[in-house]
Amino acid sequence: MPTFDIVSKVDSQTLDNAINNAKKEILNRYDFNGSNSTVELDKKTNVITIVTEDDMRLKAITDSIISRMMKQNLDPKSLDFGKEHSASGNMIRKELKIKEGIDKEAAKKIIAKIKDSKLKVQASMMDDQVRVQSKSIDDLQKVISLCRGEDFGQPLQFINMRN
């Protein structure tokens with residue numbers, strides 16, 4: 001029976017490249033001359049930590065990260081913008097978490113959308129992904145186009161297409 005999986009993953013090497021390019025851009029900008037701003041990517045916990053002096057620089061750094069991610073074909077919807085915290089002195093600290101895997105709420109929305117389409121497919125939740133089965137590959141391709149047309153709050157990839 002033909003199947004495929006709907007997942008939400010971010011390529012860690014591409015993300016690392018995007019963050020490094022954003023760091024270089026920030027170091028070369030005139031308005032960051034003499035600034036103590038830092039951007040760190042923790043690959044184990046998938047968290048980007050930004051420490052800077054004021055809100056204007058924080059916004060410029062996040063905009064730079066988002067633009068570099070888009071140039072590397074990474075979807076910025078995979079970032080979870082947390083709250084800003086005050087660090088030592090007059091510094092501001094912000095953590096951006098990278099969403100990996102489909103959470104239960106998004107999976108329920110995806111499955112409900114597939115069932116509402118009246119296609120002859122079966123969708124089921126498996127850990128942090130959604131598996132779709134059908135007798136017809138054409139129906140599976142219709143499900144892929146249906147999911148691409150919707151916004152579920154995080155980027156989706158379609159992998160493991162099997163006959």
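The values are calculated or read from the model by the stated rules, or taken from the named source; none is laboratory data. Just so you know, these numbers come straight off a predicted model, no measurement behind them. Cβ atoms come from the backbone with ideal geometry, glycine included; neighbour counts cover every protein chain shown. Only protein heavy atoms, including side chains, enter the accessible area calculation; ligands, DNA and RNA are left aside. Shrake-Rupley method; radii C 1.70, N 1.55, O 1.52, S 1.80 Å.
What to note about this one:
- Extreme residue, surrounded by the most Cβ atoms within 10 Å (Cβ to Cβ), among residues of region 92-107 that are of a type in the set (Lys, Arg) and at pLDDT below 90: Lys99
- Residue in region 126-134 that is assigned to a loop (DSSP other than H, G, I, E, B), hydrophobic (A, V, I, L, M, F, W, C) and modelled with pLDDT under 90 present: no
- Tally, over region 7-35, of residues that are among the acidic types (Asp, Glu) and surrounded by 15 or more Cβ atoms within 10 Å (Cβ to Cβ): 1
- Residue selected from region 50-91 under the condition without any contact (Cβ under 8 Å) to a residue 12 or more places away in the chain and assigned to a strand (DSSP E or B), by the criterion surrounded by the fewest Cβ atoms within 10 Å (Cβ to Cβ): Lys83
- In the condition set (1) closer than 20 Å to Asn160 by Cβ; (2) in a strand (DSSP E or B), Lys94 is compliant with all but (1).
- Flag for Lys135 being of a type in the set (Lys, Arg) and either touching a strand residue (DSSP E or B) at 6+ places or on another chain (Cβ under 6 Å) or closer than 30 Å to Ser35 by Cα (or both): no
- Residue count for region 38-49 satisfying the condition of being under 13 Å from Ala22 (Cα atoms), under 19 Å from the mean Cα position of the chain (by Cα) and open to solvent by 30 Å² or more (accessible area, probe 1.4 Å): 2.
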